[in-house]
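For reference, the structure discussed in these notes is given below.
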Amino acid sequence: MVLFSIPFHEITESFGAAVSCLSTSHLTDEVIRRSKRMILDTLGVGLLGTSTPVFNTVLQCSQQALENSKVWGRPGLSLPPQYAAFVNGVAVHSMDFDDTWHPATHPSGAVLPAVLALAETLPVKPSGLELLLAFSVGIEVQGRLLRFSKEAHNIPKRFHPPAVVGVMGSAAATAKLLGLPAAQSIAALAIACSSAGAPMANAATQTKPLHMGNAARGGLEATQLALLGLEGNAQILDLESGFGAFYPDYVPHPLAEVTPTSRYRWVLEDQNIAQKRFPAHLGMHWVADAAIEARAKFLDKCPNADLSQIKKITLRVPTSRYVDCPLPVSEHQARHSFQFNCCTALLDGEVTVESFSKSQMIRSALKEMLLKVQLENPQDNHSSFEKMYCEIAVETTQGEMFTARCNTFYGHWRKPLSHVDLVRKFRANASTVLSAEVVEGIIYTVDHLDTNQDCSMLWSYMHFNKHMMDRNERRSSALA
Amino acid sequence: MELGGVTRSTRYLSAISAARGLHKSALDVVERPAPEETVTSSFGRFIQSVQPRHLSPTVLQRSKRMVLDSIGVGLLGSTTDVFELALQHCQHMYAPDDVSFVYGRQGVKLSPTLAAFVNGVAAHSMDFDDTWHPATHPSGAVLPALLAISDMFHNNSKPSGLDFLTAFNVGIEIQGWLMRFSNEAHNIPKRFHPPSVVGTMGSAAACARLLSLDRNQCSNALAIAASLAGAPMANAATQSKPLHIGNASRLGLEAALLASRGLEASPLVLDAVPGVAGFSAFYEDYAPNPIASLEEHEHSFLIETQDIAFKRFPAHLGMHWIADAATVVHKTLVGLKGGSVSPNLVQEILLRVPLSKYINRPFPETEHQARHSFQFNACTALLDGEVTVQSFHTEALQRPELLALLSRVRVEHPHDNPANFNIMYGEVEVTLVSGDVLRGRCDTFYGHWRNPLSQESLQKKFRSNAGAVLSNERVERLIEAVEGLDHLDDCKPLLAQLQ
């Protein structure tokens, strides 16, 4: 067998080629279906997120006078596209409610805000299919890059994946939307790489959502700079000193060649995505499902039982320092706490958006229960969203033991949310900010995205807020 | 939706317990006493509490030299293509609070963050800006952001020269401190480009100081900045490299502004927390130490004991050793034969330099590559007796005599020549067709921190750079303003010449 050595620059070149050659004809039904679900979910999550303090902070910070792209949930307010992508990206990740993939990252939040913000500024608006294509390219590039490292397959410890691959995805997607030739797509990727990477330590803090916002912004900016002729290292994905800087074990591979008639195998086809049922780190979903089951068993046996009869709770979870938080103080910490999500699920039988509100977090019953939780890290419980499980053992004062185990929570890629439940999540999120009519309008538009020639109503819909008057209308009515 | 009634110490408690306790039960956590100070909070405290009186005369003098050089380099850099590109980009992107000046573009204004960005790009556009040990380009990341903020202040409340210098030094100091947390940082970088790692942090610190943020806000500014830090080395020697400094300056400023609006981030970002990387993400070996409290200890700024290198020509620092070594041979050759050096005399050129892939380029094609090529700089110095700004112009790059010499170069990496700016040397050995062998060696080039540029040389460099875009009058007024910076009641005289 002859061993070929891959020419030095082939990998990056292959990415540039793929990004520029993939076309709507390569989109399969399954890819279209899955990406529409992702888009719907992301929009809903983003709208909900526009009500958070972190979103308001970054919005204030970014406000500028010459505007081109709409800010979600802020009628009358627009920003230059990068800043719109930034704030909207922050909104999407503000409550950790957005989608999660394997290997681990939150792919859609880095791509969708950038693609929509950019699309809005184009003199000729893209068709729905072109939007879907750009979106898919952004997801695909992230999936491919994550597969270049074994470390990427585990729950992260060093760099927060959306900040690493997300910005690359955003660059690829926006380059695709602009129809850049391969060389410029490569430049966009190279420039974006210099904006990649944020340490894990800011997870579970108010700054984490900015990782997503910055990924969206950075990728879009990179594309704009590439369009103006800026160049970076044309071998950025090949080099250890390039994208490889973010991984200790970096083994890149070129993407397969794309011809107009060939079939393209998208990562999204082989690897589905997880969509969350409540706004917390993915690991919390296993804990919640296990706790809900244990609670049901407990109440089944003792229908009138008082949950304060619980003496001890043992959680068997994978080792992951940044989601081990015995007494969370902020909502951000609570979303990253095995213990908190366990106790909430035990007390309430569910974890919801409301569970992370101030009033729910300070409940004394919850605080008392938190003191009873013990974590264990069994050797066979791998820190990977593909392999982990959660086992719970609840011991009562009467000496009884109730156990449950969750291997695959509902919403995981192995057990995806039904269409009905996904839409239900969207409605619940979106209607905190939009009227029923507009909510249905978005559902309809996304559902028909691949057949719609003009999808500009999509960002128009995102621009409403049932609680606010349009800023411009307000001004004119004040003058009246 | 944060818990209003909970005190800061409790928040600290759970953060520390997450860091220390493995999975201690919550009961243990509640009983633990208040923690001692963290590395991160010590930084926040330092930034907030350091005052002008902490600046010694040496620190003042050295920092003024750095300010002068950085402005000059920035002004010259405003004539480059990459600068023009970044400027157009920002003008399109566009800013409503366009109050901050842009180097070399009289009357043009941008928002403070974008001004910091483009001016930072200008500063590093030709690799002409200062270099420190451990390796980074500290001033370019800090100065543009501070100048941009200064433009933001109302005319009646501009910072004093001393306040400005304090903030500047805080920005430099933080960078120096952070680099000392890693042995890896002491060598010529391979993975992340240092200005994008520590530069962003330095800019955040300096801006936090100038904006007079409280110590928690200062810590948060650093933590927010950490999420904006880090660019891979691969983009060095490309047109994108200058953006590393531009972004460091801009993003550090953004981090400080976000912190001033109340954004919070990890309180342990500079501490070494096993299993969750903070700033440590950028290094293989990370061992942080807290900065001692200013109330209890005399603070000695790092610049005091570790001076900085100013470049004599716009290329990577390593090039300065090899150029000086080659110049020695040039002088000998010219002395022997008179007139100029002809490639026909040369049989072979041997360079003894440290091993560093990104500055080993036998045939550079662009000016960016040329600035990062031992071979190019050696041959240029051999031919011309010096390397200058003009040496990197397209015509100069393509000279047939230069190409002839380049094809005769061989490179060796002696074991005693490590990739470290404090220890390395450059040696040039030229074998003539006649059989004679001429040697030149440089251990410490003129401009290195061990052999710093005289004040005359530094001003000469500034005049040459700034004079490319400003009138002689403005050039002289700038020199005066910087020279007297610590005596200015407000820094308007400095800003006025740059508008």
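Segment B:406-431 and segment A:401-454 have Cα centres separated by 63 Å.
Of B:Ala265, B:Val353, B:Leu243, which is farthest along the charge dipole of segment B:239-369 in the positive direction, counting Lys and Arg as +1 and Asp and Glu as -1 at C-beta? The one lying farthest along the dipole's positive direction is B:Val353. In the frame of its principal axes, segment B:270-426 has Cα extents of 65, 35, 32 Å, reported largest first.
If each residue's Cβ is checked for other Cβ atoms within 10 Å, how do A:Ile236, A:Ile155, B:Ile245 rank with the fewest at the top? It would help to have the intermediate numbers written out before the result.
Values: A:Ile236 29, A:Ile155 22, B:Ile245 34.
By the 10 Å Cβ count, ascending, the order reads A:Ile155, A:Ile236, B:Ile245.
Here the simple spin-label model places points 7 Å from the Cα toward Cβ, and for A:Arg147 and A:Asp270 these points are separated by 0.4 nm.
Taking R0 as 35 Å, what's the FRET efficiency between B:Gln347 and B:Glu456 from their Cβ-Cβ distance, rounded to 0.05? The computed FRET efficiency comes out at 0.35. When both segment A:108-167 and segment B:105-126 are represented by their alpha-carbon centers, they are found 30 Å apart. Taking a ≥ b ≥ c as the square roots of the eigenvalues of the Cα gyration tensor, segment A:124-263 is prolate, since a/c reaches 1.5 or more and a/b is larger than b/c.
Inter-chain Cβ neighbour count for A:233-243, averaged per residue, equals 5 (cutoff 10 Å, partner chain atoms only). Per residue, the convex hull around the alpha carbon atoms of segment A:282-406 comes to 94 Å³. Counting neighbouring Cβ atoms within 10 Å and putting the fewest first, the residues B:Val433, A:Val258, A:Val164 line up as B:Val433, A:Val258, A:Val164.
Excluding B:Glu395 itself, calculate the net charge of residues whose Cβ lies under 15 Å from the Cβ of B:Glu395, where each Lys or Arg counts +1 and each Asp or Glu counts -1. Overall, the nearby charge balance is -3.
Residue order for A:Val394, A:Val111, fewest other beta carbons within 10 angstrom first, comes to A:Val394, A:Val111. Estimated from the Cβ-Cβ distance and a Förster radius of 35 angstrom, the FRET efficiency linking A:Arg263 and A:Asn377 is about 0.20.
In terms of the mean number of neighbouring beta-carbon atoms within 10 Å, the peptides B:156-164, A:131-139 order highest first as A:131-139, B:156-164. Between B:His393 and B:Arg441, the C-beta separation translates, for a Förster distance of 25 Å, into a calculated FRET efficiency of about 0.30.
Rule-based calculations on the coordinates, nothing more; no lab input. Since we're looking at a predicted model, the values are computed, not measured. So basically every Cβ, Gly included, is an ideal-geometry build from the backbone, and we count neighbours across all protein chains shown.
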